[in-house]
Structures are given as C-alpha cells and as structure tokens.
Amino acid sequence: MPLDNLMCFMPTAPKEEPVFEVEVEVVKPVPVDVATGRTLLECDFDKNPSRLIKRIVAHKWNDAIDLLAEDEEPTDENAASASDAKKKSMCATWAVRYEENEDIRWRVLPIHAALIHGAPLQLIKDLIHFHPKATMCADDQGNLPIHLAFRYSAIEAIFNLVVETNPGGLKIKNGKGRTPLQCGPPPTKVMALIAKQAAEEAVINVDTRIASIIAEKDRTEAEADKIRTQAENMMDTLAARHEGELQALDDKHKATIIELKEEVEDFQKESREAYEEKCNECEELLLEKEALELNTFALEKNALALEKNTLLMEKKALALRKKASLHVETVEENVRRPSKTSSKTSSIRGLFTPKKS
C-alpha cells in the first residue's frame with residue numbers, strides 16, 4: 001500500500017469536537033469471502049468508521065484496549081457471548097476509503113491499521129485473539145500483517161506473535177511481488193525461526209528426494225529384472241527353436257575365422273616381402289643420391305674456379321682497356337699539336353745529326 005494512502009487516515013491536529021461513536025453500518029454491497037462464502041464486514045472510513053478503527057487511527061491505545069477488554073462482571077452467559085461476538089465483529093470489520101469515483105483507495109482490517117500506526121503489543125494480542133485469521137488477510141495492496149510488521153519495524157515481541165500465528169506468511173508475496181523479508185529487516189528471533197523453517201524444509205526436501213530416488217531405483221531394478229527375465233526366456237526359446245541353425249552358423253563362423261587367419265598370414269608375408277624390396281630400392285636410391293651429391297659438389301667447385309678465372313680475365317681486360325684509352329688520348333693530343341711536335345722532332349733530329357767540319 002502506498003505510504004500516502006496509509007497516512008491518509010493518520011490523525012491531524014485534534015479538534016475540540018464531541019466524539020460520536022457510530023455502530024458499524026454497511027453502506028456498499030456486502031462483499032463475500034470467496035474461500036468461505038461468508039459475508040465480509042465493511043465500514044466507510046469517511047462516513048461511519050467503527051469505534052475500534054477510530055481509536056487506533058487516533059493512537060488512543062488504552063481506549064482501544066479497553067474496548068476489547070473482557071467484561072468485568074458479565075450479567076449472564078448470553079451477555080458475555082454477545083459481547084464477544086461484538087468484539088469479534090469489530091476486529092473483523094474492514095475499514096474502506098473510497099475515491100470520488102467510488103473506487104477503493106485503501107482497505108484494511110484493524111490489525112493492519114494497528115501495525116501501521118505502531119500499536120502496543122497488548123492491542124495486537126487482543127486483535128489476534130478476537131480474529132485469529134486476521135494474520136492471513138491481505139489489504140488492498142496484498143500486504144499481510146506480517147508484511148506490515150516488517151515494513152514498519154514493529155518491536156520483536158510483535159514480530160514473534162505475527163510470525164508464530166502465520167509462519168507460512170514469510171513466503172507470501174504482496175501486490176508488488178515482495179515477501180515480508182524484502183519489506184524490512186527482521187529481528188534475531190525471527191531470523192532464527194526463518195533459518196529453522198528453511199532447515200526443516202531442506203530436510204523434508206532431502207528426505208522426499210531420497211525416498212523418490214529409492215522408489216525410482218526399486219522401480220528401475222524391478223523393470224530391469226523383468227526385462228532380463230524376458231530376454232533370457234526369449235533366448236532360451238529361440239535357442240531351442242533354432243538349435244540346428246545356430247550350430248551350422250557356429251561351424252560356418254569357425255571356418256570363416258580360419259580362412260581369414262590364412263588370408264591375414266598371406267597378406268603379412270606379401271607385405272613383408274614388399275617391405276624388404278622397398279628397403280633395397282631405398283638403399284640403392286640413397287647410394288645414387290650420395291654419388292650425385294659428390295658430382296654436384298665437384299661441379300660446383302669447378303664452377304667457382306671458372307668464375308674466379310673469369311673475374312681475373314675481366315680485370316686484365318679492364319686494365320688493357322684503360323691502357324689503350326690512355327694511348328688513344330695521347331695520340332689524339334699529338335695529332336692536335338703538329339707544329340710543336342715537328343719542332344720537337346727537328347730538335348730531336350738535330351741532336352742526332354752530326355755537325356759538318
């Protein structure tokens with residue numbers, strides 16, 4: 001239930017007005033409990049709230065407790081029974097607030113309102129005493145009293161009381177899909193109770209699982225024995241019916257095995273001979289390979305010598321080419337300077353010509 005909807009029936013500043021107590025009066029079509037088929041009591045919170053819900057909303061705890069207290073001196077048994085019936089009726093009456101369009105805004109029992117407003121333990125005890133099934137009733141938002149106890153952090157004694165009266169409610173989800181444990185932190189004792197329940201459920205689940213496994217094992221073994229027996233009977237029947245055929249097949253099988261052994265031996269012999277032949281061929285090929293490698297090495301050596309000689313010849317040719325080039329240049333220079341050459345020639349001739357006496 002949204003917080004603003006819950007707080008809408010919280011008391012405002014007190015007014016100096018006389019309080020008129022109005023008895024429960026049904027103002028809407030009477031709802032029916034689908035589970036039991038009984039009529040559910042309701043009161044319009046804005047028009048005719050019950051005396052109990054008014055005192056809870058106003059936080060008048062002592063007045064609410066007095067309203068549910070036992071009569072000190074009941075006049076007779078009928079009067080006491082009528083008083084108890086009236087108190088049960090008040091505790092089982094739903095307080096409803098409607099929207100302007102007549103839709104339900106919120107719908108709670110006195111125990112819901114008491115837990116929301118933080119009522120004391122005694123009042124909670126009285127509400128549960130006169131309406132034990134109240135802890136199993138959900139408000140319009142799907143909240144059980146145990147959800148509200150967790151959400152509004154009730155004291156540990158109230159926690160324990162609500163949980164003990166409806167331990168199964170710990171697993172119930174409200175309209176928002178939340179369990180009580182998801183609505184607020186529980187006290188230590190409640191956690192211990194939850195752990196105990198979880199352990200008991202685990203033990204039950206394990207025992208159930210073990211029993212199921214044992215039953216399945218027994219059933220499987222019985223079926224296996226049945227199938228084994230049927231197979232043995234069928235084999236005996238077939239063996240008796242086809243004994244001659246089985247003997248012939250057995251003889252044929254043995255003969256086939258002997259033939260296959262001979263074929264295998266022949267194949268092994270041929271394979272061994274072929275293997276030896278291939279080994280000899282491989283040895284010859286290896287010798288040829290070694291000879292070829294030696295020839296290749298010699299040829300490579302000769303090729304290197306020829307390459308060396310070629311380089312020497314190329315070097316000599318380069319030197320001769322260079323020398324010829326210089327000679328050509330010298331000749332060309334002599335051709336370009338003939339006079340100088342002639343004078344030099346004549347002077348040279350003069351040196352070698354003898355003088356006349």
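Coordinate-derived values only; no laboratory data. All of these numbers come straight from a predicted model, not from anything done at the bench. Quick reminder, even Gly has a Cβ in these numbers, built from the backbone with ideal geometry, and neighbours come from all protein chains shown.
What FRET efficiency comes out for Thr220 versus Tyr275 if R0 is 45 angstrom and r is the Cβ-Cβ distance? Round to the nearest 0.05. Write out the running numbers ahead of the final one.
Values: r = 55 Å, r/R0 = 1.22.
My answer for the efficiency is 0.25.
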How many nm separate the modelled label positions at Lys261 and Ala231, each set 7 Å beyond the Cα in the direction of the Cβ?
3.0
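What is the extension gain from Met313 to Arg178, computed as 0.36 nm multiplied by their sequence separation minus the C-alpha to C-alpha distance, in nm to one decimal? Spell out each step's value before the answer.
On the way: separation 135, 0.36 × 135 = 48.60 nm, distance 10.50 nm.
Residue separation times 0.36 nm, minus the Cα-Cα distance, leaves 38.1 nm.
FRET efficiency for Lys86 and Glu156, Cβ-Cβ distance as r, R0 = 30 Å, nearest 0.05? Show your work: numbers first, answer last.
Numbers: r = 32 Å, r/R0 = 1.06.
Approximately 0.40, to the nearest 0.05.
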Karplus (6.51, -1.76, 1.60) ³J(HN,Hα), θ = phi - 60°, over the stretch 47-56, in Hz, Gly and Pro reported as x:
10, 9, x, 6, 4, 5, 5, 5, 5, 5
Residue pairs, from the table Lys47/Lys133; Lys47/Lys87; Lys60/Lys87; Lys47/Lys173; Lys60/Lys125; Lys54/Lys87, whose Cα atoms sit over 24 Å apart
Lys47/Lys133; Lys47/Lys173
Segments 303-314, 165-176 sorted - mean Cβ within 10 Å per residue, highest first:
165-176, 303-314
Pop the C-beta distance of Ile104 and Asn48 into the FRET formula with R0 = 25 Å and round what comes out to the nearest 0.05.
0.95
Label-point gap, in nm, between His129 and Leu304 - each point 7 angstrom along Cα→Cβ:
12.1
Along each of its three principal axes, how wide is the spread of alpha-carbon positions in the stretch 277-343, in whole angstrom units, largest first?
95, 12, 9
